[in-house]
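Contents: one structure, followed by commentary.
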Amino acid sequence: MCQATRHILWTPAEARVREQNRGAGLALRVGSGQATYHRYDPARKQHLINYGARMIAAKQQPETAQGWLSTREIRGRGYFGGEVSVLNLLSHTCCHEFAHLLQYSAGQRHYGSVHNRHFYSALDGLYSSGAAIATRQYLEETAGKTGVELSSTPFEFPNPVRALQQWQIGDAVCFGEGRHEKRGQVVRVNRKTCTVAVTLNARGLRYRVPVSLLRSPD
Ligand SMILES: [Zn+2]
């Protein structure tokens, strides 16, 4: 996923990103947890995209994949024909994080408004330009060469929707939609809900959020 992001997504966009921000670089890494994000470090002029190993594991089965925003985006916005599979989820995740990089470069990432229309216009652009399908092809070919199975068989989701994603204390989570999206940290895991600490305008708030509404802030 790191190589796909660099070779397929970053290489053609690099010149444009550097026009907006001279000297900006990109670092890619795999983290051990669930957290999957794009961040910009102004001191080092470096974009960082982190792919969480537990995120990759969670996207291998429908039960654990369905809590993720990637699943909802593929189904809701019809990316890859609306088909959710391991291959499509991981390809989409590369595009999702890279769209944050493009959004940030364009100065359109704002506190409390992360998945805004600028973000989705950047993400849609990656699909309409063919970059998303190229990412998918790259992942499929590279996985094939290294003996990793990346299934393209579409998931069938259990009905009714159950959320089996396992949250742990300290996990970064988000909930709510669009302008109302809130981000915080799990401070307590209850039977059907998690208690989430959210810092808003320097005030600490706690919410009890049904597990089905929680997702990782990818
Ligand atoms: Zn995101």
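Things to note:
- Once the Cα gyration tensor of region 48-114 is diagonalised, semi-axes √(5λ) in Å: 22, 14, 11
- For the residues T64, T135, a 1.4 Å probe over the protein chains yields an accessible-area ranking, largest first, of T64, T135.
- Ordering H180, H47, H110 by accessible surface, largest first, gives H180, H110, H47; the 1.4 Å probe counts only protein heavy atoms, with every chain in place.
- Signed unit charges on C-beta, dipole axis of region 20-151, positive-most listed residue Q20, Y79, C94: Q20
- By DSSP, the beta bridges lying fully in the chain are antiparallel in about 75 percent of cases.
- Note on R72 and S212: their simple-model spin labels are 1.3 nm apart, each label 7 Å out from Cα toward Cβ.
- With an a/c value of 1.5 or above and a/b not larger than b/c for the gyration tensor axes a ≥ b ≥ c computed over the alpha-carbon atoms, the chain is described as oblate.
- The modelled label-to-label distance for the pair V187/Q108, using points 7 Å beyond Cα in the direction of Cβ, is 3.5 nm.
- In the chain, the calculated helix contribution to ellipticity at 222 nm averages -10500 deg cm²/dmol per residue, counting -39,500 (n - 2.57) for every DSSP H run with n ≥ 4.
- Three principal axis lengths of region 172-213 [C-alpha, angstrom, descending]: 29, 21, 14
- At R0 = 25 Å, FRET efficiency that the Cβ-Cβ distance of A197 and Q166 yields, to 0.05: 0.85
- Once C-alpha pairs closer than 8 Å and six or more residues apart are averaged by separation and normalised to the residue number of region 77-148, the relative contact order reads 39 percent.
- Ranking by accessible area, most exposed first, for R16, R54, R136, R191 with a 1.4 Å probe: R191, R16, R54, R136
- A simple charge model with +1 on the Cβ of Lys and Arg, -1 on the Cβ of Asp and Glu and nothing else charged puts the dipole of the chain at about 920 debye relative to its Cα centre.
The values are calculated or read from the model by the stated rules, or taken from the named source; none is laboratory data. Bear in mind that the values here come from a model prediction, so they are computed numbers and not experimental data. Neighbour counts run over all protein chains shown; Cβ positions are idealised from the backbone, glycine included. Only protein heavy atoms, including side chains, enter the accessible area calculation; ligands, DNA and RNA are left aside. Shrake-Rupley method; radii C 1.70, N 1.55, O 1.52, S 1.80 Å.
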